[in-house]
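Below: the structure, in structure tokens.
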Amino acid sequence: MAEVTPELPPIVNNSLKVKAVTYHSYKTPLTTKEVEIPVTPGSIVKPTELLVQVKGTSINPVDCVFKGMNYGCLGPENKIIGGDFSGIVVKAGLETKFKPGDKIFGDVMSVTRRGSSSEYILFEPATAQVCELIPEGMTFEQAASLPVVSGTAYQCLYSYKGSLEGSNVLVLGSGTSVGTYAVQFAKRYFKAAKVVATCSAGSAEKTRKGGADVIVDYTKGKNEKVNHILEFVKEHGKFDIIVDAVRDEDLFSYFPHVLKPVSENGLFCQVQGSYTIDYSDVHLYQFLPSWKKIVSTLKYKLGFSNYLIESILVENTKGYGNAIRTLWANHELNIPIDSVYDAYSEAQSGFERVASGKAKGKVVLKF
Ligand SMILES: NC(=O)c1ccc[n+]([C@@H]2O[C@H](COP(=O)([O-])OP(=O)(O)OC[C@H]3O[C@@H](n4cnc5c(N)ncnc54)[C@H](OP(=O)(O)O)[C@@H]3O)[C@@H](O)[C@H]2O)c1
């Protein structure tokens, strides 16, 4: 899906001068500034690099973490917010699989690299967590909202050893963006027999549309939630995989009743992060594993338990692009977007929307 290649931005002293949404320290707001991106003299890109004109980015809770953890003394003074992006390839190194004019989306999130929210980005697709062609007909906004959350959801399910076809899947927190895609991938791509999901009434319709067979309202309290899940298991059997997008550890003591053991490939997959974290005021200790998780993991390692808790951090996962393209082509991919903000004038509002934890779907910055 090539289209007219965008013009190169001005290059002065072997650097691109581009507008970017930057942050400095923990308490300062996002600010639009001109930053310099050093390029390779002559060819601009190295054989392994892409130069991309950015059309959209999206903000994730992890961006709040990066900003919250930046006390102004590490790395460049002006860091660029974001990892997720969509855009058009301007220059493509010969060793990449892309060409100028390609519309792509991806995730370049890294503590050591520049973020994605700038007019142009220069990066190595091989080291990005996600870098894929945008499927025909998908907008830049939709594509920018996908990478981290859908990539994490895909990775959880992909990490299951064996086939998920005909399996029972439980998604804890289908109201989250990660959970939204976990439900869709489980039911429609990995062909699970039954998908059970926990969410509030406000996210029930989205979850049902995504393919969930049973919805458990977590707002009714632990006992009601656990009983509802146990009822399902009585009728349909134990779960093959539990994807936990919200660090809900209420089921840990019920593992033998709800989850198949490791010897039968049973897996509890927990994404790093938690609904208990206040993303408007992030502290490192909030990311420490809970004592429940430490005890459970120790018991497994020492051979006293047959239930494994896997922690997932988004990374480049085989087959992800195919999964997205397949669901999109079949009109089976629901992409909830909470709000779209102008990148240069409204980025701080978008950031605050994510930090508030109230967003229902992704917050996108438009370039
Ligand atoms: N490890 C990684 O690579 C990675 C990648 C992406 C995200 N994450 C982490 O995963 C978590 C989810 O991220 P996200 O961007 O998908 O979140 P999000 O979209 O901001 O999720 C917010 C939603 O969580 C739901 N929720 C809150 N408390 C819940 C509970 N006790 N049980 C069930 N659902 C609850 C609410 O939905 P309803 O009340 O409407 O149901 C709320 O709307 C975050 O902590 C994030 O840091 C990690």
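Structure notes:
- Prolate/oblate/rounded label for region 272-357 (Cα gyration tensor, a/c 1.5): oblate
- Between the helical axis of 291-301 and the longest alpha-carbon principal axis of the chain there is an angle of about 80 degrees.
- GNM on the chain, alpha-carbon springs under 10 angstrom: the most fluctuating residue among Lys17, Lys67, Lys301 is Lys301.
- Sum of -39500 (n - 2.57) over DSSP H runs of 4+, divided by residues of the chain (222 nm, nearest 500): -7000 deg cm²/dmol
- With respect to the chain, whose longest principal axis is taken over its alpha-carbon atoms, helix 147-158 is tilted by about 40°.
- Global geometry of region 184-262, whether rounded, prolate or oblate, following the gyration tensor of its Cα atoms and the 1.5 cut on a/c: oblate
- Note: relative contact order over region 149-312, using C-alpha pairs below 8 Å and six or more positions apart, is 21 percent.
- Table column - 3J(HN,Hα) (Hz), region 48-63, Karplus curve with 6.51, -1.76, 1.60, x for Gly and Pro: 9, 10, 10, 10, 10, 7, 7, 10, x, 9, 10, 9, 10, x, 5, 5
- Dipole moment magnitude, nearest 20 debye, the chain about Cα centre, only Lys, Arg, Asp, Glu C-beta charged: 480
- Thr32 long-range amide H proximity, modeled H, under 5 Å: Thr22
- Applying the Karplus relation 6.51 cos²θ - 1.76 cosθ + 1.60 with θ = phi - 60° to region 9-22 yields 3J(HN,Hα) values of x, x, 10, 10, 6, 6, 9, 7, 9, 10, 7, 9, 8, 10 Hz, where x marks Gly and Pro.
- Short-range pairs are left out: with C-alpha atoms under 8 Å and at least six residues apart, the relative contact order of the chain is 17 percent.
- Here the Gaussian network model covers the chain, with springs between Cα atoms less than 10 Å apart; of Leu94, Leu302, Leu164, Leu302 fluctuates the most.
- Low-density loop cleavage sites - chymotrypsin sites (Phe, Trp or Tyr not before Pro) in region 18-113, where at most 15 other Cβ are within 10 Å (DSSP): Tyr26, Tyr71
- Amide H contacts for Val340 (H built 1.01 Å from N in the peptide plane; partners 5 or more residues away or on another chain; cut-off under 5 Å): Val364.
- Two-site label geometry, Glu7 and Ser263: point separation in nm, points 7 Å out along Cα→Cβ: 6.9
- Global form of region 149-312, assessed from the alpha-carbon gyration tensor, a/c cut-off 1.5: rounded
- Cα centroid separation, region 125-151 to region 226-251 (Å): 30
- Fewest neighbouring Cβ atoms within 10 Å first, the residues Leu50, Leu267 line up as Leu267, Leu50.
- Interchain or long-range residues, amide H under 5 Å from Gln272's placed H: Ile312
- Seen from every direction in turn and averaged, the convex hull around the alpha carbons of the chain projects onto 18.3 nm².
- Applying 0.36 nm per residue to the separation of Lys234 and Ala201 and subtracting their alpha-carbon distance, the gain on full extension is 9.5 nm.
Each reported figure results from applying straightforward, stated rules to the coordinates on display, with no laboratory input. Small disclaimer: the values here were computed from a predicted structure and weren't measured. Every residue, glycine as well, gets a Cβ built from its backbone with ideal geometry; the counts of neighbours run over all protein chains shown.
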